[in-house]
Amino acid sequence: MKPTLVIMAAGMASRYGSLKQIQRFGPSGETIMDYSIYDAYRAGFGKVVFIIREQFSDDFRAIFESRLKGKIAVDYVYQNMQSFAEGYDIPADRTKPWGTAHAVLCASAAVHEPFIVINADDFYGRDAFEKAHQFLMKEANDHTFGLIGYELIKTLSDNGSVSRGVCRADASGNLIEIAERTKIYRDGSDIVYEEDGIKTKVPSDSKVSMNFWCFTPYVFSICKDMFSIFLQKNINQPKAEIYVVDVGAEFIKIPGNALKVIPTRSKWFGVTYKEDAPGVESNIKTLVANGEYPQSLWENV
């Protein structure tokens, strides 16, 4: 059974200011997601599942239906505010989705095989998908999950702060601790995260999660339990979210479980801010010029 690629694309892009997930960056109009799907396809993945907001369904289908037909199986799931929130009245001031852990939970009906979860607006690189495929086929099970780890210094934006899951692993590469830092940036020659107005230095070579996770469907039961507890505590908090990183942290608390931090040599880049877009386009142009991707990504697949 081939593993599945799950793409989280339901975010509102509040800092970016538009639906960045379907912005076209490639020379033939490719989105960043196209390159992720292409890398997953040639690594051996058999299906892609888009997690989107229902009002964007037509936009996504218009882009991907024709270009992916006959190449890789495609499915769509919707991250709705009401999903898995039965018995709760959603407050009127709650306008944003519940977070990435809830997004993963929303994919549970469409995924029945080992899978990876990624962000729609991050370019992860071919090596990351090959490493993830190898891990899913040879190592992953209900007690062994994984994440692709990138060096922090290679994941920053020049245009503002970023959110990163900072990892601490043992000598065997098993995750000991992961901390979601929602405001990381360069501060002179240092890299810091800021919390409650306090700055704390972070080593530049720290391995960080870019939301590239390797799971089995067992993760859905963890997400469901955690989301239920989250709602009990946060139903009236309009900006509270539950993250995939929280799921990973909970998973490794269970005796006998391990979460492998899988290093990659791939270069990451993404579009947190509109000002990041020219750099993304330039990076893709360079990769195409170097022969790592064709000029027209899907033409001869």
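The values are calculated or read from the model by the stated rules, or taken from the named source; none is laboratory data. This structure is a prediction, so every number in the text was calculated from the model and none was measured. So basically every Cβ, Gly included, is an ideal-geometry build from the backbone, and we count neighbours across all protein chains shown.
Tabulated results
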| read-out | value |
| --- | --- |
| Exclusive hit being over 27 Å from SER57 (Cα atoms), β-branched (Val, Ile, Thr) and out of contact with any Gly (no Cβ under 7 Å at 6 or more places or on another chain), set THR144, THR100 | THR144 |
| Test: residue in the range 204-215 that is over 15 Å from the mean Cα position of the chain (by Cα), touching a residue at least 40 places away in the same chain (Cβ under 8 Å) and outside any loop (DSSP other than H, G, I, E, B) | yes |
| Residue check for LEU231: out of contact with any helix residue (DSSP H, G or I) (no Cβ under 8 Å at 6 or more places or on another chain), at pLDDT 95 or above and crowded, with 16+ Cβ neighbours inside 10 Å | yes |
| Test set (1) in a helix (DSSP H, G or I); (2) at pLDDT 95 or above; (3) in contact with a Gly (Cβ under 8 Å, 6 or more places away or on another chain) - LEU259 fails condition number | (1) |
| Which listed residue is among the acidic types (Asp, Glu) and at pLDDT below 95, from ASP205, ASP225 | ASP205 |
| Matching option when the condition is farther than 30 Å from ILE235 by Cβ, at pLDDT 90 or above, outside any loop (DSSP other than H, G, I, E, B) and under 20 Å from the mean Cα position of the chain (by Cα), among ILE37, ILE51 | ILE37 |
| Some residue of the range 68-84 being closer than 30 Å to ILE191 by Cα and not aliphatic (A, V, I, L, M) | no |
| Criterion (over 17 Å from GLU299 (Cα atoms), surrounded by 14 or more Cβ atoms within 10 Å (Cβ to Cβ) and small (Gly, Ala, Ser)) met by exactly one of ALA92, ALA43 | ALA43 |
